[in-house]
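Single-structure report; data block below.
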Amino acid sequence: FTEEEVAALLHQSGLKEQSVDIKDWYNGYQIGNYVLYNPWSIINCLQEGGRLIPYWVNTSDNLLIKNLLLKSSGSFKERFELLLEGSSIERLIDENFVYPDLVKNNESAIWSLLLMTGYLKIDSYQRTDQGIMCHLRIPNREIRNLYRGIIEQWLSNEYGVEWYNQFLEHLLDGNMIAFERDLTPILEQ
């Protein structure tokens, strides 16, 4: 949906005061000159009275995305960390990648898949002799939360998200004895 369409829908639904939060959660996709909202998430959000939760990312398993992120190289993860911090990154996009490229951990194919499936968006691009060089960014809060969840699952392994949150608290509070105790099994894995 366009900005104008969402404004009209929010007005009709009595949720106009939530427009900033809804934009943060579900806006950010660009097609041509139009910046668009995710229609599936908007429809569900309106049906739920403005409840801001992940709707679109919960329509599939996301297992391929999880595996690609978790098995990626160190340099890929460093770039991905920049995305999670809200920055954009510059990457070459391959419009013609095939599935075997993903299995081989071809980074260009992974970035291309994330872009073409809506898990990233383009801020700007330039055609080069090598292909399309794009400035990529996470489109919205719904997708950012999906990525954070994947990372939390990876770090917490079988311990669960509650353990992970406590693990982070130990680090942030400077409780190094508890942090080291919790870090040891992760490093051993």
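The values are calculated or read from the model by the stated rules, or taken from the named source; none is laboratory data. This is a predicted model, so every value here is computed, not measured. Note that we place each Cβ from the backbone using ideal geometry, even for glycine, and neighbour counts take in every protein chain shown. Accessible surface is based on the protein model in full, side chains and every heavy atom, while ligands, DNA and RNA are left aside. Shrake-Rupley method; radii C 1.70, N 1.55, O 1.52, S 1.80 Å.
If you go through the stretch 160-179 and keep only what is outside any helix (DSSP H, G or I) and open to solvent by less than 40 Å² (accessible area, probe 1.4 Å), you end up with just G160.
Could you tell me whether D129 is farther than 21 Å from W25 by Cβ and at pLDDT below 90? Quick ask: steps written out before the conclusion?
Values: farther than 21 Å from W25 by Cβ: yes; at pLDDT below 90: no.
It is false that D129 is farther than 21 Å from W25 by Cβ and at pLDDT below 90.
No other residue among N165, N145 is out of contact with any helix residue (DSSP H, G or I) (no Cβ under 7 Å at 6 or more places or on another chain), under 19 Å from L82 (Cα atoms) and not basic (K, R) apart from N145. The residues listed here are I132, I138; of these, the one that is open to solvent by less than 50 Å² (accessible area, probe 1.4 Å) and over 15 Å from the mean Cα position of the chain (by Cα) is I132. Looking only at residues of the stretch 124-150 that are of a type outside the set (A, V, I, L, M) and in a strand (DSSP E or B), we find that the one that is nearest to L69 (Cα to Cα) is R137. The test for being surrounded by fewer than 16 Cβ atoms within 10 Å (Cβ to Cβ), of a type in the set (K, R), over 26 Å from Y34 (Cβ atoms) and in contact (Cβ under 8 Å) with a residue 12 or more places away in the chain holds for R148.
The criterion of at least 3 residues that are aliphatic (A, V, I, L, M) is met by the following helices (runs of 4 or more DSSP H) wholly inside the stretch 38-123: 39-47, 63-70, 74-84, 107-116.
Yes/no per residue for (1) in contact (Cβ under 8 Å) with a residue 24 or more places away in the chain; (2) under 27 Å from Q130 (Cα atoms); (3) among the acidic types (D, E):
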{"residue": "E3", "(1), (2), (3)": "yes, no, yes"}
{"residue": "A8", "(1), (2), (3)": "no, no, no"}
{"residue": "E17", "(1), (2), (3)": "no, no, yes"}
{"residue": "Y34", "(1), (2), (3)": "yes, yes, no"}
{"residue": "I53", "(1), (2), (3)": "no, no, no"}
{"residue": "K66", "(1), (2), (3)": "yes, no, no"}
{"residue": "L69", "(1), (2), (3)": "yes, yes, no"}
{"residue": "K77", "(1), (2), (3)": "no, yes, no"}
{"residue": "R91", "(1), (2), (3)": "yes, yes, no"}
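Within the stretch 70-93, the set of residues being surrounded by fewer than 17 Cβ atoms within 10 Å (Cβ to Cβ), more than 15 Å from M116 (Cβ to Cβ) and not charged (D, E, K, R) comprises L70, S72, S73, G74, S75, L82, L84, G86, S87. When N38, N96, N67 are checked against the criterion of being of a type in the set (S, T, N, Q) and open to solvent by less than 30 Å² (accessible area, probe 1.4 Å), a single residue qualifies: N38.
Can you tell which of I150, I143, I138, I186 is β-branched (V, I, T), closer than 30 Å to Y29 by Cα and at pLDDT below 85? Steps first, answer last, please.
Working: I143 fails: at pLDDT below 85; I138 fails: at pLDDT below 85; I186 fails: closer than 30 Å to Y29 by Cα.
On inspection, the qualifying residue turns out to be I150.
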